[in-house]
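Quick notes on the structure that follows.
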Amino acid sequence: MMSLQKIEEMRGRHAENPFNEIACMSFLHSQAGGHPHVLMYEALCRTQSHLFMIMPYCSGGELHSVIEENGALEPERARALFRQMTQGVEFLGRASVAHRDLSLENVLLHRRIEEERIAMLIDFGMALRIPRDKDGRCHWISRQLRAGKLHYMSPEIISQRPFDGSKIDVWALGVMLFIMLVGVPPWRMADRRDQRYICVVSGELPRLLEHWGVRVPGDAVDLLKRIFVEDIETRISIPEILRHPWYTGGLAGG
């Protein structure tokens, strides 16, 4: 089953651009080969007045809506979805693309045959190609318009400092994981005027969870603490997440 997404022409200066989304998805499909956890369009359809993307229909809806209606997920279900989203982001990194708008609203749940619903990353309107040097190392990106949703923005984006595209996606993955495990965002925004934010980046996440009466697996707390690090160089990377004990727990050889 397919769905239609109408593309509206963007006027003026705006961070999210549907034509950028088409270009990014075309690149990811044709040059990078696509990925099972990144939703791609199947075809483009043009009328006299509109352009449509034809995409697979994801019957499970937004992951954000599932949590909003039912509360936090069981840790094993959260881990399964987090693995899928991280694999999608790892694919983007290999293709030198930063999503920049990762959120639970931009994850759809898709069922293939009789499988449990899987996570699909969507909405590449704010995606950005990450420049690399001749040795393949990523360059930091100079200050740009803020991109993303406030809960999910990393501190360097909030303060409009130069950033590493892959590390802002890591930060957003951490916020998504926190919400899946706890049911609510960790803070309003990643800013030192927010007391909950100060608590988390100061290493007091266990105390905050205890205060809320929320039980989160110890390895998951450790992973969150390594994600929610203000220093970009010290913040955990995607390859390190893939080797983290909570991520690998329950996997063959993990």
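Taken together, the values in this text are just the output of simple stated rules run on the coordinates, not laboratory data. Small disclaimer: the values here were computed from a predicted structure and weren't measured. No Cβ is skipped: glycine too gets one built from the backbone with ideal geometry, and neighbour counts run over all protein chains shown.
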For ASP101, ASP222, ascending order of other Cβ atoms within 10 Å (fewest first) is ASP222, ASP101
With 0.36 nm assigned to each residue of separation and the Cα-Cα distance removed, ARG94 to ARG77 gains 3.5 nm
So ASN70 and ASP219, fully extended at 0.36 nm per residue minus their Cα-Cα distance, gain in nm 51.2 nm
Of every Cα-Cα pair in segment 61-247, the percentage lying beyond 23 Å is 39 percent
With the label point 7 Å along the Cα-to-beta-carbon line of GLN195 and a cut-off under 15 Å to each amide N, the hits in segment 212-233 are 212
